[in-house]
Structure formats: C-alpha cells, structure tokens
Amino acid sequence: MGSIYRTLSGGALRDIALACLAVWFIGLSYGAIAVASGFPLWFPAAQSVLVLAGASEFLFIGIVAAGGNPLAAAAAGLLVNARHLPYGLALPDMTGPGRPWRRLLGSHVMNDESVVFALAQEDLPRKRAAYWTCGLGVLLCWPAGAVLGALIGSVIGNTSAFGLDAMFPAVILALIVPALRDRVMVRAAVTGAVIALAATPFLPAGLPELLALLAVLTTIRRRPTP
Amino acid sequence: MKDPALVVAGLLTLSAGTFAFRFCGPVLRQRIAFPPWAGKLLEAAAVVLLAALVATTGLTKGHGFAGFARPAGVLIGGILAWRKAPFLVVVLAAAVTTAVLRLLGVP
C-alpha cells in the first residue's frame, strides 16, 4: 500500500476515496431496494460480492421482482456486463507478472470506476495503482453498503422518495466527464446515448447499450489515418 | 422469492459470465498485438457504453420514460461534475434534487 500512496497523487487518492464512498451509498440503496423487492438479506450480500457490478445487479433484482425468469434476468445482466470485455482490451496489463490469484482478483475488481480512474492516469505504474486502489475499495464498499442497506431496508419503505435511483446514473456521468476531453469523444458519447434511448422501447434490457457501440464509428472518420 | 433454486442458478450464471468477460479481455489483449489506434478506439467504446448506460438508467424505466424527477437530478449532478464539484456532492445533489421534485409532486 505504501508504494500506491507514493505513486498516486493526493488528488487522485481523494477522488478514488470519494468514488468508493459514493459506491457505498449506492450499495445502501441497492440493499434496501433488494429487501423491499422481497429478497432475503443474504441475496444482495452474495450478489454484491460475486457479481460486483451494480447496474446488472439492480437489473437482476428488478426483473426477478417483476416476475421475470431468473435465468432471463441473468442474461440481461450479462448483456449489461459485456462492456467489461472491451474494458479489458482497452486497458494495459493491470495485474503484471505474478501468481494466478493476483490475476483472478485483478480481473474481478475490474469495474466502471476502477477502469475510468486507471484510464485517467498517465503512466503504467500510476494506472496500476489507481486500478487496484479503486478496485479493492469498491470490493469492500459495495458489499458493505449492500448489507447495511438490506438491514435498514425494512425501515425505509419507499426508496424512490429519497431519489436513490438518480444516484447510479449521476455516478457514471461524473466518472465519464473527465474522459469527454474533446469534441470527438463528446459526439460519440451523445450519439451512443441517443441510440440507446431510441432502442430502449423496442429491445430487451441490456441490448440498447450494446447497440450504442455503433457510435464509436463516429470517431473513426475524424481520426487521421495511422 | 418464488423459486430459490432458480434464483441461485441465475445468480451463479450472472457471476460466472461476468467474471468471464472480465478475465477474457486482458487475456485476448496479451495474445493479439493491438496497434495504438485500436487502443484509442476501444477507449472510445468504453466511454460510449457508459454514456449509453447513463442515458438508459437516467431517463428510462422498463421500456418507457422514467418521469422528470430522476433525469432532473442526473442533470444537476452532470452540471456539478462538469464544474468539477467533489464526487460526493455530485451524487448527493442528484439524489436530493430528485427527492425534492418528487416531494413537490413531480413524477
């Protein structure tokens, strides 16, 4: 940990800590919503550790609570989580040489936040430090929030009255704002958002986000040939 | 839960599949040499996916519109993030805005 603190700037560490705190808060809402939807306490606890991907967990809970088949809910969650494949292709090696458990754990802590913080750093040691710090932080904070949320879930009856559903998109938006450095990225992001919204009424949950990948084509045209 | 065994099967399917996605990306990257422009393209792909996720989770519920309160909260959060407000301020402002609007009767 000492080397991580030396590698990362104070600003980056503070941002990662705040991101993990936000994840903890969203975990609270997730646990509360899961229990309010009729799941036993162990379910959000187990799912938060094993899946460790918030959007797909909300989606799974929502589909099953609405009467959907759990395997169909898993398929929808997998569609949402398919974005982790291009994440792995986009990032340089985050685990480095080491024992197999390191690679396994390094894969498991790949999430929206750890990827964004890694991409924001300039060189490989800083990217690795940001990735592991944020990834392990989320691995602790997300389940901790989910368990506490599930415990107090019976107290908070109506979670939407507290605006908890606005937290997840706000978190992701705050995370991608720094990546929207230039017009090309902004155009691609907006195009992707429009495609996903246009497709939402017609496609099953999870597919609109994947269809939005077509927006990447807008970045190719503008780039000079390598 | 109506059928605990089936729900657990769904949980394990989602867990294993998600781990496979996370594990395969770095492995494929090691096997195949990617030119720099491909890396840029994949970074753009990640941003596009997240932007689409913001749009769908911020504006829609099921296959329809989520109402005005949630998008308004996300918008306030987005403006604060753009103005470089602290992360927690962004997230709490989004939740508070949405909660206050709902309190005032906005759907």
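Can you name every residue in the stretch A:25-38 that is of a type outside the set (Ser, Thr, Tyr), within 10 Å of another protein chain (Cβ to nearest Cβ) and within 26 Å of B:LEU92 (Cα to Cα)? Outline the logic, then answer.
Taking the stretch A:25-38 first, the residues of a type outside the set (Ser, Thr, Tyr) are A:25-28, A:31-36, A:38.
This time we only want the ones that are within 10 Å of another protein chain (Cβ to nearest Cβ), so: A:25-26, A:38.
Result: A:PHE25, A:ILE26.
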May I ask you to say which residue of A:LEU217, A:LEU173 is without any contact (Cβ under 8 Å) to a residue 12 or more places away in the chain, within 7 Å of chain B (Cβ to nearest Cβ) and under 21 Å from A:ALA90 (Cβ atoms)?
A:LEU173
Count, please, the residues in the stretch A:86-107 that happen to be surrounded by 19 or more Cβ atoms within 10 Å (Cβ to Cβ), more than 20 Å from A:ALA17 (Cβ to Cβ) and not polar (S, T, N, Q).
7
When (1) assigned to a helix (DSSP H, G or I); (2) facing chain B (nearest Cβ under 7 Å) are applied to A:PRO201, the one that fails is (1)
Among the residues of the stretch A:176-189, the number that are more than 7 Å from chain B (Cβ to nearest Cβ) and either β-branched (Val, Ile, Thr) or over 22 Å from B:PHE87 (Cα atoms) (or both) is 4
Report whether or not A:ARG187 is touching a helix residue (DSSP H, G or I) at 6+ places or on another chain (Cβ under 7 Å) and part of a helix (DSSP H, G or I).
yes
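Pick from A:LEU164, A:LEU119: which is on the phi < 0 side of the Ramachandran plot, within 9 Å of another protein chain (Cβ to nearest Cβ), touching an Asp or Glu at 6+ places or on another chain (Cβ under 8 Å) and of a type outside the set (Asp, Glu)? Lay out the reasoning, then the answer.
On the way: A:LEU164 fails: touching an Asp or Glu at 6+ places or on another chain (Cβ under 8 Å).
One residue alone meets the criteria, A:LEU119.
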A:SER56 vs. criteria of a type in the set (Gly, Ala, Ser) and surrounded by 24 or more Cβ atoms within 10 Å (Cβ to Cβ):
yes
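Rundown of residues vs (1) under 13 Å from B:LEU14 (Cβ atoms); (2) more than 9 Å from chain B (Cβ to nearest Cβ); (3) in a helix (DSSP H, G or I); (4) modelled with pLDDT under 85, yes/no style:
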{"site": "A:ALA55", "(1), (2), (3), (4)": "yes, no, yes, yes"}
{"site": "A:PHE60", "(1), (2), (3), (4)": "yes, no, yes, no"}
{"site": "A:LEU78", "(1), (2), (3), (4)": "yes, no, yes, no"}
{"site": "A:LEU85", "(1), (2), (3), (4)": "no, no, yes, no"}
{"site": "A:LEU89", "(1), (2), (3), (4)": "no, no, yes, yes"}
{"site": "A:PRO92", "(1), (2), (3), (4)": "no, no, no, yes"}
{"site": "A:THR95", "(1), (2), (3), (4)": "no, no, no, yes"}
{"site": "A:GLY98", "(1), (2), (3), (4)": "no, yes, no, yes"}
{"site": "A:LEU104", "(1), (2), (3), (4)": "no, no, yes, no"}
Residues of the stretch A:120-134 being touching a Phe, Trp or Tyr at 6+ places or on another chain (Cβ under 9 Å) and either part of a helix (DSSP H, G or I) or of a type in the set (Phe, Trp, Tyr) (or both), which ones?
A:LYS127, A:ALA129, A:ALA130, A:TYR131, A:THR133, A:CYS134
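Within the stretch A:173-194, take every residue that is buried (at least 21 other Cβ atoms within 10 Å of the Cβ) and closer than 30 Å to A:ALA34 by Cα and give me the one that is modelled with the lowest pLDDT. Talk me through it step by step, then tell me what you get.
Within the stretch A:173-194, the subset buried (at least 21 other Cβ atoms within 10 Å of the Cβ) is A:173-176, A:188-189, A:192-193.
Within this subset, residues satisfying the condition of being closer than 30 Å to A:ALA34 by Cα are A:173-176, A:192-193.
On the way: A:LEU173: 88, A:ALA174: 83, A:LEU175: 76, A:ILE176: 84, A:GLY192: 95, A:ALA193: 95.
Here the residue is A:LEU175.
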Can you name the residue in the stretch B:21-46 that is surrounded by 15 or more Cβ atoms within 10 Å (Cβ to Cβ) and modelled with pLDDT of 85 or more and is also nearest to A:PRO97 (Cα to Cα) among such residues?
B:PRO26
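The values are calculated or read from the model by the stated rules, or taken from the named source; none is laboratory data. As the structure is a prediction and not an experimental result, all values here were calculated from the model. We place every Cβ from the backbone using ideal geometry, glycine too, and count neighbours over all the protein chains shown.
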